[in-house]
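Below is one structure, written out as structure tokens; comments come after it.
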Amino acid sequence: MKELLTKNLNSYQKEAVLCTEGPLIIFAGAGTGKTKVITHRIAYLLSLGVAPWSILAVTFTNKAATEMKQRVIALASQVGANVQISTFHSFCVYFLRHEASKANLNPNFVIYDFADQKNVIKDCLKELNLNEKKIKVSTIIDKISRAKDDLKYPSDMSANAEVNGDIVGSTIATVYQLYQKKLKKITALDFGDLIAYTVSILKQHPLILTYYQEKYKYIMVDEYQDTNHAQYTLIKLLAQKYRNICVVGDDDQVVYSWRGADINNILYFEKDYPNAKSIKLEQNYRSTPKILAIAHQVVKHNNARINKKLWTQNPDNGYISVIKAVNENDEAIKVADLIYSKIKNNKYNLSDFAVFYRTNAQSRTFEDTFRRVGIPYTLVGTLRFYDRAEIKNIMAYLKLIYNQNDNVSFKRVINIPKRGIGKTSLENLEKFAIFKNISIWQAIPFAQEIGLTKGTLNALNNFTQFIKIFINLKDNTSVKEITKKFITLSGYLKELETENTLESKSKIENIKELISAIDDFEHRSPDKSLGGYLTQISLISNVDSTIDESKGKATLMTIHLAKGLEFDNVFLCGLEEGLFPIGETAFNTQTLEEERRLMYVGMTRARKALYLCWAMKRTVYGKTKWNIPSRFIIEAGFKDELIKEQNNVNIIQEFNKTKWSDNFSNNYNYKKNIKVKLNYKNKNIDYNSSNDELSLYTPSEDKSLYKIGSLVLHPFFGKGKIIEKSGVGNNLKVVILFETGLWKKFLVRIANLSLLKHKM
């Protein structure tokens, strides 16, 4: 039995399975078989006679826990079913059902999810006479959740706010305190409470702590790099007597710090347990040597990591390519083109392809393109772009502006943002409309006769006057300008900005992407009217019904959701500075390293082929932004492929212009017929998307000594090459790629640069 359990393991996996006593940390790189090691280690402990109820294994998802349980049962027969393998939260529910009285809790407590939390917080705001518009419910929930992850109580939050003069923090601390009182009164816990209460009981009751330490003599933690402070403390308390703790994780895959994950938990494990044994699993069973090599080239730039390097015996070296696109639409077309070319010979199914991107909003161009060309796709972890609430809200506004008798759209937006028009008032207005056989909009002039309150009458009149502004504009103003104007004047965008949560930021990104989509429509469609746009959008769902799904579906998702998955072919898209790494993260070492780990996660999902995609320009919020490629492409070793614009040479680059069939079929027409001249020294590219042509324009003559391709020395950042420039005279700005791979933009007159003649 014991020999069988280690027969199919490599030497390091076997060492990890056989190491049963004392603290053990297993650094399990991507695709190295960590679940196999955990389950075989549990089965091996059982084969040694360890009682199944004395083993505790915890992970993060029910899916992972179920898979581990099934594997243990397969390895150790029915005795494996008695091992406690669960998520952190499930374990804490089990604990609190038995020990609730020690925390003055009813063991029949209910568990509140996000929707339940929102209702309680709203009650708190009402009781405290706080305006929900000034301090958003979702913001409060997020702050309270993070506090519980850190085992911080209302008093801790209040004290911290006082020290920092944080008025909002102080207000949230007050809400937090009342929120906890209300939960206790109704015998409810939220997810943060489950772990916090468990830790509190273990700390305050030594006898209970001793009992559970004796019960669970062997503890295993999966995905240890994702633990927050509360989870870390819980495990440390349970393991501190026998110290038979085994943690498995990968510091190169810490990508959830924004929701509490603390990379120091895994990096400092050996400080917590000085006699800990450390084993690295570096043999990869997923990817090819070339993919692993370039992934390592990227992640090795991080300082906060354990030195390790994945390798494989896979004889297939794999395929990697950098795809340079003109813009986001060209990027999506190129991806679709490659997918089709690889499946038309039946070598792959669509399910073998995944498209990863940094933000949810980026899915729109891929969704539109895939629908247009007939590629079935699955959007993971979120709604399809046009099904997202914020997009449906804006579309409802546009429909109402176009047709005021659209009752469905009227009812959707009447209180977005909130206008104080109550449910009963709206119902009475609708009943009157039905009685008179008119639309709700047409019933508004009769609102006073219906008996609606003065406040409601004013709100309805203000709403109709607001909509009439855009009714008057719709025939002589572009759809893009109408949309931008009403999301600003309505206060809808401002409301989301004030909320300032991850959710609201994602919604803002989606709204900006919708503006870009409308801009794209106006360039491409012969009918640029509001009616023409609404017609196009309404036909999108009809396109879905014609798609042939016999070859499966391609997968679209953000890179955060890709963790733990694998595909034969992976497209990492939007690899541009400011998008990936995102925003200002490049200027903070800690956040930049997390972005780099995210890149590493995306790269190591690929089994056979990896495509790194970037666009020279991208339209955001209807405005075009010129891009430089992500530093991660450079770090991966593709510097020479990207930096070609030197010595006044015009570079000719062909790209695909594809004519697609309406359905995903064999009648696929393909041709290459456009040449793009790139000469950054004197000219820039100007893309005319209305006719899919590229034209060039020449800016004013540049007499500066700082040329594209010039080598320079910066007193702090060292040697570098100018790869982009803008402005003239005192306003001359340059983008420099340094030897370290860092990109930076400088105003030349204050940058203290020295020109170099020798090569880098």
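Key figures
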| read-out | value |
| --- | --- |
| Residue, surrounded by the most Cβ atoms within 10 Å (Cβ to Cβ), within region 411-431, restricted to residues that are over 16 Å from residue 487 (Cα atoms) and among the hydrophobic types (A, V, I, L, M, F, W, C) | 429 |
| Among (1) touching a Phe, Trp or Tyr at 6+ places or on another chain (Cβ under 8 Å); (2) within 24 Å of residue 507 (Cβ to Cβ), the one test that residue 92 misses | (2) |
| Per-region count, region 216-234, residues more than 16 Å from residue 65 (Cα to Cα) and touching a strand residue (DSSP E or B) at 6+ places or on another chain (Cβ under 6 Å) | 3 |
| Selection within region 1-24 - surrounded by 16 or more Cβ atoms within 10 Å (Cβ to Cβ), more than 20 Å from residue 309 (Cβ to Cβ) and among the charged types (D, E, K, R) | 14 |
| Residues of region 384-409 classified as open to solvent by 50 Å² or more (accessible area, probe 1.4 Å) and β-branched (Val, Ile, Thr), total | 1 |
| Only listed residue being without any contact (Cβ under 8 Å) to a residue 24 or more places away in the chain and under 29 Å from residue 110 (Cβ atoms), chosen from 204, 177, 231 | 177 |
| Subset of region 119-151 [buried (at least 20 other Cβ atoms within 10 Å of the Cβ) and not in a helix (DSSP H, G or I)] | 136 |
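The values are calculated or read from the model by the stated rules, or taken from the named source; none is laboratory data. None of these values were measured; they are calculated from a predicted model. Cβ sites come from the backbone with ideal geometry, for glycine too, and all protein chains shown count toward neighbours. The protein model used for the area step is the full one, side chains on, heavy atoms only, and it has no ligands, DNA or RNA in it. Shrake-Rupley method; radii C 1.70, N 1.55, O 1.52, S 1.80 Å.
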